[in-house]
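Q: Please read through the structure below; I'll follow up with questions.
Bear in mind that the values in this text are calculations on the coordinates, not laboratory data. This is a predicted model, so every value here is computed, not measured. So basically every Cβ, Gly included, is an ideal-geometry build from the backbone, and we count neighbours across all protein chains shown.
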Amino acid sequence: MKIRLVQNGLITLIDDIEQTQTPPNNGFYWIDASLFDLAILQPLFGLHDLAIEDCIDEEEQRPKLEIYEDHYFIVINSVELADQDIFLHEVNLFLGGHYVITVTKHDIGLQPRMLQIVREKEINHADSFLYYLVDHIVERYFDVIEKIEDLIEKLEEEILVNAKKTQLHQIIGLRSEVLYARKMLLPQRELIDALHKKDLPLIDKRLRKYFGDLLEDAVKIVESFETFRELIGNLREAYHSSVAGRANDIMRIFTALTTIFMPLTIVTGIYGMNFDYMPELRSPHGYYIVLAFMAALGAVMYLIFKRKEWL
């Protein structure tokens, strides 16, 4: 657990947890805690039992805002894309009048970036910290959106050039990941909408318009994932069309080759019959004449099919 006193962007590390019980004359306390630290923090700050239960629950929590008597409990999901897998990391936050408690189950690189933002924006209030935290998480989604767009474009190009079965597995996997992320994005949009519209005493009213701007971004993100679902569906259709087209090309080539060899087979069949009276068999040049005829016939038919682009 790390305890920081934040004053106009200046950060001071605090060793005594009891000090956080008294609101500072200026600034707020940012407590970056682990799940094990909640047993200490709950009685000190009067954190609600249900909120603590949600934090330690192994099941992923949907983004939400819970309003208690003297603090708010907020769950929001950060996002990460790795090897075509979308990972949503739960960020739990307790917002009080003079403190912010952040609890994460995994190391998602949140702390270094927020320390940088605190210094750059000279943050001095707990509600401002909440806004910039949500803003940072929303920005991460746009980074992931760009990567997914590049991935879909790359898959489309590969499918058009040469469709492979591995690409179908990629399409199915990506679709599953996008649907999973979209399911969590809808309640996240509702969370930001609540921060924008609800009358929340612990959040300055002047921040509402800023949360409104974040709400627009959240809507764009949901729309982007809706578009991804449609694009991935188009990718699957393109894959099946490409495979069907390639199968048709192969069948067309086989049909053309079969048609070329069919008359040649007839010729060889005729001269393979064991009749005693076949004048051509007695000709000294018959063998070469028949070979030349078969070669000419095959060449003419090949040229015809080539001209019609069947070969």
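Q: Sorted from largest to smallest, which semi-axis lengths in Å does the alpha carbon gyration tensor of the stretch 64-141 give for its equivalent ellipsoid, taking the root of 5 times each eigenvalue?
A: Values for the stretch 64-141, descending: 22, 16, 9 Å.
Q: Give the dimensionless ratio obtained when the Cα radius of gyration of the stretch 1-117 is divided by 2.2 N^0.38 Å.
A: Output field value: 1.08.
Q: Rg(Cα) of the stretch 16-83 divided by 2.2 N^0.38 Å?
A: 1.30
Q: For the residues His89, His169, what sequence is obtained by ranking on other C-beta atoms within 10 Å, fewest first? Mind showing how you got there, number by number?
A: Numbers: His89 19, His169 10.
The most exposed by this proxy come first: His169, His89.
Q: Moving on. Give the calculated FRET efficiency between Asn234 and Glu80 to the nearest 0.05, with a Förster radius of 25 Å applied to their Cβ-Cβ distance.
A: Details: r = 26 Å, r/R0 = 1.03.
Using R0 = 25 Å, I get an efficiency of 0.45.
Q: So how far, in whole Å, is the C-alpha centre of the stretch 164-239 from the one of the stretch 117-162?
A: Rounded to whole Å, the Cα centres lie 11 Å apart.
Q: In percent, what relative contact order does the stretch 2-244 have, based on Cα pairs under 8 Å that are 6 or more apart in sequence?
A: RCO, the stretch 2-244: 20 percent.
Q: Modelled label-to-label distance, Leu44 and Gln19, 7 Å Cα→beta-carbon offset: nm?
A: Distance between label points: 1.1 nm.
Q: Next up: Pick from Ile86, Ile67, Ile192: which residue has the top mean-square fluctuation in a GNM of the chain where Cα pairs under 10 Å get a spring?
A: Ile67
Q: Write down the radius of gyration of the stretch 113-269 and its Dmax, each obtained from C-alpha positions, in Å.
A: In order Rg, Dmax, the Cα atoms of the stretch 113-269 give 26.4, 97 Å.
Q: Hey, with R₀ at 35 Å, roughly what FRET efficiency would Met273 and Met251 work out to, going by the Cβ-Cβ distance, to 0.05?
A: Between Met273 and Met251 the formula returns 0.60.
Q: Something else now. Pairs Lys64/Lys198; Lys64/Lys183; Lys2/Lys105; Lys183/Lys220; Lys64/Lys197; Lys183/Lys205: which exceed 19 Å Cα-Cα? Please report the intermediate quantities before stating the final value.
A: Details: Lys64/Lys198 13 Å; Lys64/Lys183 13 Å; Lys2/Lys105 15 Å; Lys183/Lys220 15 Å; Lys64/Lys197 14 Å; Lys183/Lys205 30 Å.
Listed pairs above 19 Å: Lys183/Lys205.
Q: Calculate, in whole percent, how much of the Cα-Cα pair population of the chain lies beyond 28 Å.
A: For the chain, the share of Cα pairs beyond 28 Å comes to 57 percent.
Q: Ok, one more. Each residue of the stretch 172-183 in turn: what ³J(HN,Hα) in whole Hz from Karplus with 6.51, -1.76, 1.60 and θ = phi - 60°, glycine and Pro shown as x?
A: Couplings: 5, x, 5, 4, 4, 5, 5, 5, 4, 5, 4, 4 Hz.
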